[in-house]
Amino acid sequence: MNIYDVSRRAGVSIATVSRVLNGNPNVSEKTRTKVHAVMEELGYTPNVFARGLGLGTMKTIGIMCSDSSDPYLANAIYYLERQLRIHGYDSILCCTGPFLDNKRTYFELLLSKRVDAIILAGSKFVELIDRDNDYLIEAAKELPIMLVNGYLDAPGIYSTVCNDYEAMYDVARHLIDSGRKDILYLYTSHSYSGLNKVEGYKNALSDHHIPVRRELIHQCAKDVASSRKLMEQLADSGLTFDAVMTSDDSLAVGAVKFAHIRGISVPDELAIVGYNNSILSYCTNPEISSVDTKVEELCTTTVNTLMSVFGGGNAPAKTTIAADFIQKQTTNF
């Protein structure tokens, strides 16, 4: 049973049925009563598509993320959906994985659902090769595209970003000021966020006249075992380090496990800093000092910006939010 059946049985247009469903006042009480009676008779339950036909809006927002099992992205999805519900919007979630073809496929799927906007959660949707972002730029001519902690300069695209560069610069500066000189840096990706983080680390070293050493910068899979194993390999190769900065808390957990296995005192012999201040940073002993990237504020601001766009307001193309450093037990500066 669908809206077309209701339309035929009631003898009114589909647009009229949709106006009844959405409470549009431009419908006579007689027609409204008749349509409701037919819906009850047929046992019809209105869906999102039917509600949107008469309004030019589906009241539905598409959300894309690369990996919903990631604690940061899982939190982002929760806060986005919560804020959208507050404003009366439903959401459709697509988990794309890391590959561009899949991102495009899911993006097209959301467009086919006639969503009112698409929110891309996480910085991995902005590709390093400019032409790979063309599908986003083209779509933004038709509907708003919102980026959570990613940035793309094009009309119709709105970004809310954490100042990852400043956060990492400040962490490195504090470590240096506390006497750390051989600071290992572990990161997971070359995303927009990832590039800003590593630049903050490098520039803090340079500004304090400490050489940026390639052997102290390593990419690592985003899991505990990988970072622990990598640090063991680096130590076994003769590399020495008195601090480790990571682009994600999962890598910092691996660093704590490495220290336990090797009998290294944390933070006296090895300072460890995580990123995102996720639940993982509280699950180790000692608890991990971490950068709080304000994921709730990022997501709330993203949705509020979208509502401003819908309302015809002068929404900023880019909003930057400062991070906080949460010192726990793996640092002593």
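The values are calculated or read from the model by the stated rules, or taken from the named source; none is laboratory data. No experiment lies behind these values; they were computed from the predicted model shown. Reconstructed Cβ throughout: ideal geometry from the backbone, glycine too, with neighbour counts over all protein chains shown. Accessible surface areas use protein heavy atoms only, side chains included; no ligands, DNA or RNA. Shrake-Rupley method; radii C 1.70, N 1.55, O 1.52, S 1.80 Å.
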Q: Can you work out the accessible area per residue across the stretch 153-216, with the rest of the protein chains kept in place, probe 1.4 Å, in square angstrom?
A: 43
Q: Taking every pair of alpha-carbon atoms in the stretch 209-333, give the share separated by more than 21 Å as a whole percent.
A: 48
**Q.** Global form of the stretch 136-266, assessed from the alpha-carbon gyration tensor, a/c cut-off 1.5
**A.** prolate
Q) What angle do you read, to the nearest 10 degrees and between 0 and 90, between the alpha-carbon axis of helix 100-112 and the longest principal axis of the chain? A) 20
Q | Percent carbon-and-sulfur accessible area, the chain, ignoring ligands, DNA and RNA, probe 1.4 Å | A | 49
Q) How far is helix 164-177 tilted off the main Cα axis of the chain, in degrees rounded to 10, range 0 to 90? A) 20
Q. If you put +1 on each Lys and Arg Cβ and -1 on each Asp and Glu Cβ, how big is the dipole of the chain around its Cα centre, in Debye rounded to 20?
A. 1160
Q.
If you average 1/r across every pair of different Cα atoms in the stretch 271-333 and take the reciprocal, what Kirkwood value do you get, in Å?
A. 13.5
Q. Could you give the Stokes-Einstein D for the stretch 153-225 in µm² per second, using the C-alpha Kirkwood radius, 37 °C, 0.692 mPa s?
A. 244
Q.
As an exercise, identify the trypsin sites (Lys or Arg not before Pro) in the stretch 200-238 lying in DSSP coil whose Cβ has no more than 14 other Cβ atoms within 10 Å.
A. Arg213
Q. Hey, if you put +1 on the Cβ of every Lys and Arg and -1 on every Asp and Glu Cβ in the chain, which of Asn102, Val212, Ser226 ends up farthest toward the positive end of that dipole?
A. Asn102
Q. So how strong a dipole does the stretch 223-272 carry about its Cα centre when Lys and Arg Cβ are +1 and Asp and Glu Cβ are -1, to the nearest 20 debye?
A. 160
**Q.** Estimated D of the stretch 68-198 in µm² per second, where Rh is the Kirkwood radius over Cα pairs and Stokes-Einstein applies at 25 °C, 0.890 mPa s
**A.** 150
Q) Roughly how big is the stretch 129-230's charge dipole about its Cα centre, with Cβ charges of +1 (Lys, Arg) and -1 (Asp, Glu), in debye to the nearest 20? A) 600
(Q) At 222 nm, what value in deg cm²/dmol follows for the chain if DSSP H runs of at least 4 each add -39500 (n - 2.57) and the sum is divided by all its residues, to the nearest 500? (A) -13500 deg cm²/dmol
Q.
Need one number: nm distance between label points at His87 and Asp223, each 7 Å from Cα along Cα→Cβ, rounded to one decimal.
A. 3.7
Q. Using a simple spin-label model with points 7 Å from Cα along the Cα→Cβ vector, what separation in nm is obtained for Asp182 and Ser112?
A. 5.6
